[in-house]
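Encoded as structure tokens, the structure appears first; notes follow it.
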Amino acid sequence: MRQGKLALAIALAAICGAKPNTALAQSLGGVVRIVIPFAPAGSADLLARLLQAPLQEALQQTVIVENHAGAGGNIGTSEVARAKPDGRTLLITTSAFVVNPSLYQNVSYDYSKLEPIGLLPAAPNVFAVTPKQGGINSLADLIARAKAEPQKFNYSSPGNGTTPQLMMELFKLTTGAAVTNIPYNGGGPATQALMSGTVDILATALPGAQAQIRAGTMKGIALSTDERWPTLPDVPTFKELGYSDVSLSNQHFFLAPPGTPPAEIERLGNAALKVIARDDIKKRLVDLGFLPTAEGPEAAKARIAENVEFYRELLARVKIPQIQ
């Protein structure tokens, strides 16, 4: 448990070394608040805190990051959807944003009304265990044990409807393995559940688990990339193990409240793209477990529409019931 917390602290410290400079000019209208609708230490949170200081420089405004977790991301998202459309309250969220319209019977916002600022770097998903989890050292071990002892094993996920959870459910459907989902309010709590021995397996986005895997306190058994990740050469991909159809990545969306002026969307989007294009930021993204690519508002809008339909069909395929 101590080792897991230490590795998590190291990961956070590595990206949060630069604190916001409160003396920055605020002539453009004060503080920019970025809401993360999940608990700390998940992929959206890690990404936001990596981008916080350079965005602050690019915008010449103080940027703060706040976690408002709950209801699979709906609480924080609803807050931003109700915020004043002045570019001062923004949202960085995950693929849960495009899953929730189909997963929940009722959400208190219209996903299509939020204004896309851009597509931020995506993150692969990973299945992991701890070295003390006897008998499971590979994906093949997991399948064999889960089939031999149905319902004995459980896994933690960042929450219902997140891509790690959907990937595990798709994997179960494909292989016939029986593993029970234990959902948490983000990747950080899900990771700690594995490290503390509360669950047997972890399904999460790579950025929240890479530090522990590299430190040896956690063992990655499969990763949803086409090729092995450069900093984790010993972790095989689902593709090379014969399960390319179950691979899902965790997309990150940068969004503003409905009605935010186009000029403000353009200003924010240009700043984000400028930051992510920096060589030093690209390197830190890969080191953390993100694909170092980004696109602007139009690409984000198209991806949202496409993904909403994709996940509607996927939820039906893996037979996940709607949440009331």
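The values are calculated or read from the model by the stated rules, or taken from the named source; none is laboratory data. It should be emphasised that the depicted structure is a prediction, and the values quoted were computed from it without experimental measurement. No Cβ is skipped: glycine too gets one built from the backbone with ideal geometry, and neighbour counts run over all protein chains shown.
What number goes with the only condition from (1) exposed (fewer than 15 other Cβ atoms within 10 Å of the Cβ); (2) hydroxyl-bearing (Ser, Thr, Tyr); (3) under 23 Å from Pro85 (Cβ atoms) that Thr293 does not pass?
All conditions pass for Thr293, except number (3).
For region 31-47, state whether one or more residues are more than 20 Å from the chain's Cα centre (by Cα), surrounded by fewer than 20 Cβ atoms within 10 Å (Cβ to Cβ) and modelled with pLDDT of 95 or more.
Within region 31-47, one or more residues are more than 20 Å from the chain's Cα centre (by Cα), surrounded by fewer than 20 Cβ atoms within 10 Å (Cβ to Cβ) and modelled with pLDDT of 95 or more.
I'm trying to understand the selection: among the residues of region 173-189, which are touching a residue at least 40 places away in the same chain (Cβ under 8 Å) and within 19 Å of Ile143 (Cβ to Cβ)?
Leu173, Thr174, Thr175
Here's the yes/no breakdown for (1) of a type in the set (A, V, I, L, M, F, W, C); (2) under 26 Å from Asn67 (Cβ atoms); (3) buried (at least 24 other Cβ atoms within 10 Å of the Cβ); (4) touching a His at 6+ places or on another chain (Cβ under 8 Å):
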| position | (1), (2), (3), (4) |
| --- | --- |
| Thr174 | no, no, no, no |
| Thr204 | no, yes, yes, no |
| Gly208 | no, yes, yes, no |
| Gln212 | no, yes, yes, no |
| Ala222 | yes, no, yes, no |
| Pro233 | no, no, no, no |
| Leu241 | yes, no, no, no |
| Arg267 | no, yes, no, no |
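Given (1) part of a helix (DSSP H, G or I); (2) more than 21 Å from Leu91 (Cβ to Cβ); (3) not polar (S, T, N, Q), identify the lone condition not met by Asp226.
It fails just one condition, (1).
List pairs: first in region 210-228 and under 16 Å from Ser43 (Cα atoms), second of a type in the set (S, T, N, Q) and part of a loop (DSSP other than H, G, I, E, B), Cβ under 7 Å, 6+ apart or cross-chain?
Gln210/Thr231; Ser224/Ser247
May I ask you to list the residues in region 117-137 that are at pLDDT 95 or above and touching a strand residue (DSSP E or B) at 6+ places or on another chain (Cβ under 6 Å)?
Result: Ile117, Gly118, Leu119, Leu120, Ala122, Ala123, Pro124, Asn125, Val126, Phe127, Ala128, Val129.
What are the pairs, 6+ residues apart or on separate chains, where a residue within region 81-101 that is surrounded by fewer than 21 Cβ atoms within 10 Å (Cβ to Cβ) has its Cβ under 8 Å from a residue that is of a type in the set (Ser, Thr, Tyr) and assigned to a helix (DSSP H, G or I)?
Pro101/Tyr111
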